[in-house]
1. If I go through the range B:194-252 residue by residue, how many of them are facing chain A (nearest Cβ under 8 Å), touching a residue at least 24 places away in the same chain (Cβ under 8 Å) and in a helix (DSSP H, G or I)?
2. So, of the residues in the range A:140-151 that are part of a helix (DSSP H, G or I) and more than 9 Å from chain B (Cβ to nearest Cβ), which turns out to be nearest to B:ALA115 (Cα to Cα)?
3. Starting from residues that are basic (Lys, Arg) and in contact (Cβ under 8 Å) with a residue 12 or more places away in the chain, keep the ones in the range A:235-270 and report whichever is nearest to A:ALA174 (Cα to Cα).
4. Look at A:ALA222 and say whether it is among the small types (Gly, Ala, Ser) and touching a Gly at 6+ places or on another chain (Cβ under 9 Å).
5. Step by step: first the residues of the range B:103-128, then only those that are in a helix (DSSP H, G or I) and farther than 30 Å from A:LYS87 by Cα, then the one that is nearest to the other protein chains (Cβ to nearest Cβ). Which residue is that?
6. Hey, among the residues in the range B:135-166 that are touching a Ser or Thr at 6+ places or on another chain (Cβ under 7 Å) and not in a helix (DSSP H, G or I), which one's modelled with the lowest pLDDT?
7. Of A:PRO83, A:PRO111, which residue is surrounded by 15 or more Cβ atoms within 10 Å (Cβ to Cβ), out of contact with any helix residue (DSSP H, G or I) (no Cβ under 9 Å at 6 or more places or on another chain) and away from every other protein chain (no Cβ under 14 Å)?
8. Do we find that A:ALA200 is at pLDDT below 90 and more than 13 Å from chain B (Cβ to nearest Cβ) in this structure?
Amino acid sequence: RNSQLPISDHVMPLDRYRNTALVDGIDVRALPLAGDSPAPASQGKQQQQQQQHWFQRRLVQDTVGSGYVEFGDTKVLCSVHGPIEPKRSVLTDAGAEQSRAQLQVYYKLAPFASHQAGRVSYLPDETERRAASFLQDTLAPSLRLDRLPKSRIELHCLVLEDAGCCLATAVNCACLALVDAGLEMYDLVTAATVCRPVGATDWQLEVGDGSNSCGSSSVTLAYMRSLRQVAGMLVEAAEPLQPRVVSAACRICEDPCKMTHSSLRQFLLDCLPADDRTAKIA
Amino acid sequence: LLAQLLSEPERQYIFDSVQDAVRIDGRQCLAYRQAALRLDLLCYATASAQVSLGETDVLVSVREEDNPGATAQQQGSTGSVAVQQQQAVSHPVSVWVDCSCLGSGPEQQQLADEAQAHLSSLYRCLRTPTPVFVDILLLGYDGNLLDAASIAASAALMRALPASLLSAQALPLFATVHRIGSQQIVDANQLEESCSMARVTVGVDSNGRLVACQTCGEGSLQFESMTEIIETGVRKAMMLHDSVAKLVARVL
């Protein structure tokens, strides 16, 4: 209720409800949002070698849970719906046991998301279907699907900008959305990608600055830190690689995964007081 | 896909017997089923191959399309003949997997999608001057689609592509290793696939180097287990390379 708001002719009656942001005469809309991201990655090379993740949750209104992660210029938004009615097929109708929830992941790049590929089509293509099944296989080990029999959990993942390592960022974002939805998990699943151009010898962490060229091999590892288990691993090789090189690359991915795990955990703990002011974190 | 109707005691039986290194068809844990390979079945394809691994039956056709630039020699707007520079163009191999013989439900479609993604990544390093289309038709399924399809597709591609392109090397093959409890098995049939929690599929070329590697399944692995499984996969893939080379030599 704002008595300070001038009633002018062009303001529609509905606009009054939008002005709840005016508090004590300060226009909160003019202030930077609490979720403002840090300086964009394009600002010079003086940035730290390790880019920081930016987490945000509850961005999407009508969902059970949602998460938004920025890693450099890569931006991913995930939303969770569920538990909802399971998909019925011939097999479920035949009486197969529905003792666990079904996890269904949908993964899509927005049409404007890709730097190199130009406009992405509306229908999911092969890479996106593969990413969806990778996400499903990666998040399922950690989710307590047996706590929700005869139901389905839908996870929609939308990549708003792909500047490198979008699959790893999608895993982090999906994990954040699932936690925000209040689904029980054994552990947070975090992922990182390392890449190596053809002919080079060192693996470098892929960060969201668009510097990854198409002609490089990449290894994406999804890791559960507390359980010390690998939830998923994907190798895309631009040249034949020795097996021990691939194993070494997986080990290199472990540290960035652990760091992302700590920062995600810290973010979730920091969110708790805002949710429930009487909660005490032991 | 009938394996999803397995009851819990049946699943437990398969699990327990694999822990004792006994598989339900009596094989060793790291043994493949009897494989049969037939080449040159289809007359309109550049090359074709059919592989049966137990009940899994895969038919692959490889077609090399004519160079599109060869027909584009036409008058340009300036009146001169426009000759397209085709030497620099290289095409990736295009793969299509069809599981419609099994039915048209979502599970079959998911099987086809996964197989297509894996096989495309297997041939990612291969570039051809003319577009090559690999069409994979699944005629029967009893587990281990990826290994069978990779054997058939590689055999057909080796027949179709000129020897200069292949540089005297065999094309890569997949080896899928499943992890059931604490045992590793290869060439799982449908029932064993439904009991396995995690599997690793490695695509290996004939020099023992990886061209593709992915973990699948709703289970997690420790680093050491994953390294062991990759090593097993590479060993089995090298064995597959030998067997396939012998099979192809016998057929020709």
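The values are calculated or read from the model by the stated rules, or taken from the named source; none is laboratory data. Small disclaimer: the values here were computed from a predicted structure and weren't measured. Positions of Cβ are backbone-derived with ideal geometry, glycine not excepted, and every protein chain shown enters the neighbour counts.
1. Residues that pass the stated criteria total 3.
2. A:ASP146
3. Going through the qualifying residues, I end up with A:ARG265.
4. Against the criterion (among the small types (Gly, Ala, Ser) and touching a Gly at 6+ places or on another chain (Cβ under 9 Å)), A:ALA222 qualifies.
5. That would be B:SER121.
6. B:LEU161
7. Only one candidate passes the filter, namely A:PRO83.
8. Yes: the conditions hold for A:ALA200.
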